[in-house]
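Enquirer: Before I ask anything, let me first share the structure, which is written out below as structure tokens.
The values are calculated or read from the model by the stated rules, or taken from the named source; none is laboratory data. Here the structure is a predicted model, which is why all the values come from computation and not from measurement. All Cβ positions, glycine included, derive from the backbone under ideal geometry; neighbour counts span all protein chains shown.
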Amino acid sequence: MRPADNPFASHRVDSLSYRFIGPDVGDLLDALARHGGRGAVVGRHGSGKTTLLDTLEQHLGGAVVRARLDTGTARRADHVLHRLPAALGPGHAVLLDGAEQLGWWGWRQVSRATATAGRLVIASHRPGRLPTLHQCRTSPTLLAELVRELDPATADAVDLDDLFRRHRGNLRLCFRELYDLHSRG
Amino acid sequence: MNDLRIDLDGDRRWYLPGDTVTGRAVWRLDADPEAVELRLFWHTRGKGTEDVEVVDQVRTEAAGAAGERAFALRLPLGPYSFSGTLITLSWALELVALPGGELERVELVVAPTPVEVRLTSLGRQPRSHSVSFGPKAGFDRSDR
């Protein structure tokens, strides 16, 4: 199977929408407004934080600035600061993924540089830096629902409960294993 | 109803690296676009992060709701269209009406042959030869 045709290729996985359990995106925006336009989405690896930021971006008005920090080279505050426009104002929303990568000093730099932005939402593994707007959680039921959307045959053929357990609820790792399963034919 | 079309000369889809892609971009839109842009690019899809590079583009400002434009875009010498285990690299032409973003896409094969290059796994390395001497050759556990 060609990688582009694999039902678990990243472009297909990334096209999945975030599944809210309980509150929806409207509630999230309300909570953001209540906290003065500052807040965090919190969750473990592969729990849908980036997907939720994607959803949020579609619903935020004005100019949106996205930045992502990861464990590789892009973990310094400079990586975020370089992306910010010179005149960051009330019409701007900044969405920062991987905020847990910043140390105390880096977070202070980013926090000060984004102080004039109308909204700042961070995604982080841990709560604490900003008020938690939403906790991202996964479950075997959620995995089954997403796999069924991508490829119903796989949902019927694979023990998804076991997959979920082995990857400790990290859906991205589950999808990668399913990709490998399909690429081997 | 918006209609965007890319007509390639000779209805070609396969090009050699370094070839020139020629044809006409045609658009019939409900409203005047700011501009119409034709992009020649490659992109990857597969297990990891997607990658994309626009190698050439032709922008028509104040294009009007209906129009057409001939184009000739030179392909670079690489990369080839290919599929491996982790990614597929595909070439495409895209006609986009701005700022709305309506688009038409045509996939191309850019390779020495009419189909994309397939990269196959090398598989397991062959074991090194072992040499046996004497009566152990053909040794059977039941002989013990």
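Enquirer: Being within 27 Å of A:Asp24 (Cα to Cα) and either crowded, with 18+ Cβ neighbours inside 10 Å or modelled with pLDDT of 95 or more (or both) is the requirement here; does A:Val65 meet it?
Expert: The answer is yes for A:Val65.
Enquirer: Next question. Scan A:Leu146, A:Leu171 and give me the residue that is touching a residue at least 12 places away in the same chain (Cβ under 8 Å), touching a Gly at 6+ places or on another chain (Cβ under 8 Å) and either within 20 Å of A:Lys49 (Cβ to Cβ) or within 14 Å of chain B (Cβ to nearest Cβ) (or both).
Expert: From the options A:Leu146, A:Leu171, the qualifying one is A:Leu171.
Enquirer: Considering A:Ala93, A:Ala155, A:Ala115, A:Ala123, which residue is among the aliphatic types (A, V, I, L, M), in a loop (DSSP other than H, G, I, E, B) and over 15 Å from A:His79 (Cα atoms)?
Expert: Residue meeting the stated conditions: A:Ala115.
Enquirer: Being under 16 Å from the mean Cα position of the chain (by Cα) and of a type in the set (Lys, Arg) is the filter here, so list the residues in segment A:9-61 that pass it.
Expert: Once the filter is applied, which keeps residues that are under 16 Å from the mean Cα position of the chain (by Cα) and of a type in the set (Lys, Arg), segment A:9-61 yields A:Arg12, A:Arg19, A:Arg44, A:Lys49.
Enquirer: Within segment B:23-50, can you find the residues that are touching an Asp or Glu at 6+ places or on another chain (Cβ under 8 Å), over 30 Å from A:Arg172 (Cα atoms) and either surrounded by fewer than 16 Cβ atoms within 10 Å (Cβ to Cβ) or within 14 Å of chain A (Cβ to nearest Cβ) (or both)?
Expert: B:Arg24, B:Arg28, B:Glu34, B:Ala35, listed by residue number.
Enquirer: Out of the residues in segment B:51-79 that are in a loop (DSSP other than H, G, I, E, B) and surrounded by fewer than 18 Cβ atoms within 10 Å (Cβ to Cβ), state the one that is modelled with the lowest pLDDT.
Expert: B:Ala62
Condition check ((1) within 24 Å of B:Leu119 (Cβ to Cβ); (2) outside any loop (DSSP other than H, G, I, E, B)) across all residues:
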residue: B:Gly10; (1), (2): no, yes
residue: B:Ala31; (1), (2): no, no
residue: B:Val36; (1), (2): no, yes
residue: B:Thr88; (1), (2): yes, yes
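Enquirer: Still on this structure, I have one more. Kindly indicate which of A:Arg2, A:Arg112 is surrounded by fewer than 16 Cβ atoms within 10 Å (Cβ to Cβ), over 18 Å from the mean Cα position of the chain (by Cα) and either modelled with pLDDT of 95 or more or within 14 Å of chain B (Cβ to nearest Cβ) (or both).
Expert: A:Arg112
Enquirer: Same structure again: Please go through segment A:33-86 and give me each residue that is assigned to a loop (DSSP other than H, G, I, E, B) and among the hydrophobic types (A, V, I, L, M, F, W, C), ordered by number.
Expert: A:Leu60, A:Leu69, A:Ala74, A:Leu84, A:Ala86
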